[in-house]
Amino acid sequence: MAFSFTMSLNESLSITNGTSGDSPEFIPLVKKTAKFFDMQEVSADKAYSARENLRAVARLGAIPFIPFKSNSTMHPKGYQIWKTMWLFFYQNQEEFMKHYHKRSNAETLFSMIKRKFGNHLRTKKDRSQVNEILMKCLCHNLSVLVHESFELGIEIDFKKKEV
């Protein structure tokens, strides 16, 4: 499962089977999120460390904080953002990690959903399991919105706005 999120809310998600990697889902999720949010930074783990992924984030106006795999090189191969971030990663590790560690919010999100709704799916069929995951995410988002509205005294307007 690949998520894009802010403040322990999942804005876009893609559910994949357990044997496929999440990296192919990265660019579509980031593009979808960018339609609704002004992204400044994108943090992801090493599994997403690919030139195309970094370029996609940069083209959307955000800075990709994705650490590099141990065997990666500085050679941009046509992707200037790769060289820029590679140098920043190796020359400013402490600063890079301050930004990167925001991705721990992803682990917090998974933990919150599992604590609240359980670690297992009750349904058997694939389509039902996808729907169950989507409902868990929707219920989680609603509970966070309600909680924050009371905490911050914000009135939520659920009316559809034209995009």
Kindly indicate whether any position in segment 124-138 is β-branched (V, I, T), closer than 30 Å to K46 by Cα and surrounded by 11 or more Cβ atoms within 10 Å (Cβ to Cβ). yes
Residue check: is L60 under 16 Å from S14 (Cβ atoms), touching a Ser or Thr at 6+ places or on another chain (Cβ under 9 Å) and of a type outside the set (S, T, N, Q)? no
Only listed residue being out of contact with any helix residue (DSSP H, G or I) (no Cβ under 6 Å at 6 or more places or on another chain), within 30 Å of N17 (Cα to Cα) and of a type in the set (F, W, Y), chosen from F110, F158: F110
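Residue-wise test of (1) within 22 Å of N131 (Cα to Cα); (2) of a type in the set (F, W, Y); (3) surrounded by 13 or more Cβ atoms within 10 Å (Cβ to Cβ); (4) out of contact with any Gly (no Cβ under 7 Å at 6 or more places or on another chain).
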residue	(1), (2), (3), (4)
E25	yes, no, yes, yes
P28	yes, no, yes, yes
K32	yes, no, yes, yes
S43	no, no, yes, yes
L60	no, no, yes, yes
P67	no, no, yes, yes
M85	no, no, yes, yes
Q91	no, no, no, yes
Are any of the residues in segment 139-153 of a type in the set (F, W, Y) and surrounded by 11 or more Cβ atoms within 10 Å (Cβ to Cβ)? no
Quick check on T84: is it part of a loop (DSSP other than H, G, I, E, B), farther than 17 Å from L13 by Cβ and of a type in the set (S, T, N, Q)? no
Restricting attention to segment 122-141, which residues are in a loop (DSSP other than H, G, I, E, B) and not polar (S, T, N, Q)? R122, K124, K125
Would segment 99-116 turn up any residue that is more than 27 Å from K46 (Cβ to Cβ), under 24 Å from the mean Cα position of the chain (by Cα) and loosely packed, with under 13 Cβ neighbours inside 10 Å? yes
For segment 31-61, how many residues are among the acidic types (D, E) and without any contact (Cβ under 8 Å) to a residue 40 or more places away in the chain? 2
Is there any pair with a first residue in segment 93-121 that is without any contact (Cβ under 8 Å) to a residue 24 or more places away in the chain and assigned to a helix (DSSP H, G or I) and a second that is surrounded by 11 or more Cβ atoms within 10 Å (Cβ to Cβ) and of a type in the set (K, R) whose Cβ atoms are under 8 Å apart and which are 6 or more apart or on different chains, and what are they? F117/K136
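FYI, it's all coordinate maths here, none of it is from the lab. Since the model is a prediction, treat every value here as computed from it, not as a measurement. Note that each Cβ is placed from the backbone with ideal geometry, even for glycine, and that neighbours are counted across all protein chains shown.
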